[in-house]
Amino acid sequence: MSNNYDMGKIRNGNEVEFRKLVDEHMDYIYITAFRITANEDDARDIVQDTFMKVWEKRKIIKSGNSIKAYISRIAVNKCYDLLRMKRHRYYMEIDNQRAVLNEITGSERADYMLNKNETLSILKTLARELSPRQRIVFTMIEIEELSHDEVSEITGMSKTSIKSNLRHAKVKVEEKIRNYLNQEL
């Protein structure tokens with residue numbers, strides 16, 4: 001596929017050419033970000049942040065580089081940062097909920113109540129339970145059906161790391177599903 005834009009002009013600050021680059025890659029970056037974050041607003045923010053970063057770094061982009069891989073790598077890194085932040089916030093919320101429930105009930109049974117609620121929503125939270133790297137690798141390989149080589153190029157991770165993260169993600173997802181099904185029986 002030939003590009004509809006001129007990287008030389010973009011490097012020199014031509015906004016019309018940059019808009020062509022954005023138009024050509026925006027849908028792919030949005031889909032990738034949405035699949036990883038599972039949130040439309042987050043995906044739109046990732047797209048905007050990604051192209052702002054591309055604009056900032058336009059002068060160092062070499063013509064020989066795969067611009068799609070370069071842009072994808074920026075987007076995946078932004079997704080990774082967002083997921084890390086959300087995961088941290090998620091666990092803080094759980095700890096706060098447990099503390100509040102323990103205080104209200106005056107017992108440790110609050111954990112049981114919270115776990116029951118978590119079990120009921122396990123299908124929604126499966127991806128959230130994965131580490132950001134596992135979630136990215138799992139999403140890109142299992143949902144987007146990218147090859148290990150493509151994921152390596154986009155994320156900068158080694159193939160060994162990709163395989164390891166994918167294996168761990170699958171084990172966690174299977175375990176969560178098994179636990180959910182066992183509790184429902």
TODO: Taking a cut-off of 26 Å between Cα atoms, list the lysines near residue 176, but don't count ones fewer than 8 places away on the same chain.
DONE: 86, 116, 124, 159, 163
- [ ] Go through 135-142, 9-16 and give me the packing order, highest mean Cβ count within 10 Å leading.
- [x] 135-142, 9-16
Open item on the list: Students often forget the sequence filter, so: which lysines lie under 23 Å Cα-Cα from residue 20 once same-chain residues fewer than 8 apart are removed?
Closed with: 9, 53, 57, 59, 62, 68, 78
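Just so you know, all these numbers are worked out from the coordinates, no wet-lab data involved. Keep in mind it's a predicted model, so treat the numbers as computed, not measured. As a convention, Cβ positions derive from the backbone with ideal geometry for all residues, glycine included, and neighbour counts pool all protein chains shown.
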